[in-house]
1. With every protein chain kept in the model, how would you rank F87, F280 by accessible area, 1.4 Å probe, largest at the top?
2. By how many degrees, 0 to 90 and rounded to 10, does the Cα axis of helix 57-67 deviate from the longest principal axis of the chain?
3. Quick check: net charge around S79, other residues with Cβ under 11 Å of its Cβ, Lys/Arg +1 and Asp/Glu -1?
4. Going by Cα centres, the range 212-288 and the range 100-147 are how many Å apart?
5. What is the sum of charges around T111, taking Lys and Arg as +1, Asp and Glu as -1, for the other residues whose C-beta is under 11 Å from the C-beta of T111?
6. Express in Å², to the nearest 10, the accessible area of R84 obtained by rolling a 1.4 Å probe over the protein heavy atoms while all chains stay in place.
7. Once the other residues with Cβ under 14 Å from the Cβ of V148 are scored (Lys, Arg +1; Asp, Glu -1), what is the net sum?
8. Can you sort M194, M200 by 1.4 Å-probe accessible area, starting with the largest?
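The values are calculated or read from the model by the stated rules, or taken from the named source; none is laboratory data. The shown structure was predicted, so the numbers you read here are calculated from the model rather than taken from an experiment. In this analysis, Cβ positions are derived from the backbone assuming ideal geometry, glycine residues included, and neighbour counts consider all displayed protein chains. SASA here: full protein model, heavy atoms, side chains in, ligands and nucleic acids out. Shrake-Rupley method; radii C 1.70, N 1.55, O 1.52, S 1.80 Å.
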Amino acid sequence: MSLLTNFPDLLFGLGLAAVTPGQAQQQAHPIRDDAAALVQAARQQCNPDAPALRTQPRLSEAARRLSRGVPLQTALDDSDYRARRSFQWTFKGYASPDAVAQALQQKHCSTLGNPELLDVGLQRNGNSYWLVAAAPFDPPAQGAAGAVAARVLTLVNQARTQPRRCGSQAFGAAPSLSLNEVLTRAAATHAESMARYGYMEHRGRDGSSPADRASRVGYDWRSIGENIAMGQTTPEKVMQDWLHSPEHCANIMEPRFTEMGLAYAVNKGSEGGIYWAQAFGLPKRATR
């Protein structure tokens with residue numbers, strides 16, 4: 001058994017120039033769309049392949065709160081915007097949005113061009129500007145659970161086609177797994193519990209172990225394993241993190257396992273936001 005904790009990323013940045021007198025008394029207001037277009041043009045210069053930034057009203061509200069001295073994470077929380085990754089810039093003493101866009105391109109290109117950043121919010125107070133760019137927390141809908149489980153299974157079986165080292169353990173290529181509905185129910189029980197109560201442990205709130213949960217849903221097992229994670233919003237990301245963790249990787253590559261169940265549950269108000277459970281099993285009926 002293994003445990004993976006992945007907290008949402010937060011990046012913080014600050015760009016500063018000279019402050020002119022009297023700016024604090026000027027009225028704050030969101031930057032107009034033409035300024036957003038200039039920021040987008042600078043982003044395209046930094047990374048032509050990056051998707052276009054979307055002006056997000058909630059991020060503009062977060063930027064307004066930044067202009068009042070509120071810390072970034074508090075501003076995001078108060079604006080009801082959940083980010084996987086976020087970055088802020090503050091520019092003071094800049095005469096125009098065009099000058100801000102030029103400064104972004106010249107000094108902050110690596111961050112501005114990050115393709116994970118999709119949303120932007122902007123706020124202006126005289127010659128001072130506050131910008132927030134973020135990668136939104138965008139978990140899969142619960143109605144997509146079947147497709148997500150199928151995708152994770154595909155990625156697991158791709159990983160098992162070749163030898164792999166998981167920390168100090170070396171594994172050879174292993175036979176493919178099949179998706180098992182009973183194991184998926186066991187995984188769902190734990191994912192939903194973790195999401196509801198905001199915890200990350202193999203032991204359930206009721207004291208249950210992965211083996212207990214498999215037995216409760218009627219899985220007659222010879223061997224059981226479990227991977228858990230939180231925070232990842234795509235099958236590719238959760239599998240990447242599991243494969244980079246020796247214990248999780250070992251469960252994925254274990255040749256004795258023949259079946260897998262996969263579930264996730266979302267609670268946007270919790271620390272992790274989304275919680276994953278992956279159950280592995282070898283049934284007593286198996287010949288392997």
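1. Values: F87 25, F280 0 Å².
Solvent-accessible surface, decreasing: F87, F280.
2. Orientation of helix 57-67: about 60 degrees from the principal axis.
3. Numbers: positive: R58, R64, R65, R82; negative: E61, D77, D78, D80.
Overall, the nearby charge balance is 0.
4. Comparing the Cα centres of the range 212-288 and the range 100-147, I get a distance of 32 Å.
5. Every neighbour counted, the sum reads +2.
6. We get 70 Å² for R84.
7. The answer is 0.
8. Per-residue accessible area, sorted high to low, gives M200, M194.
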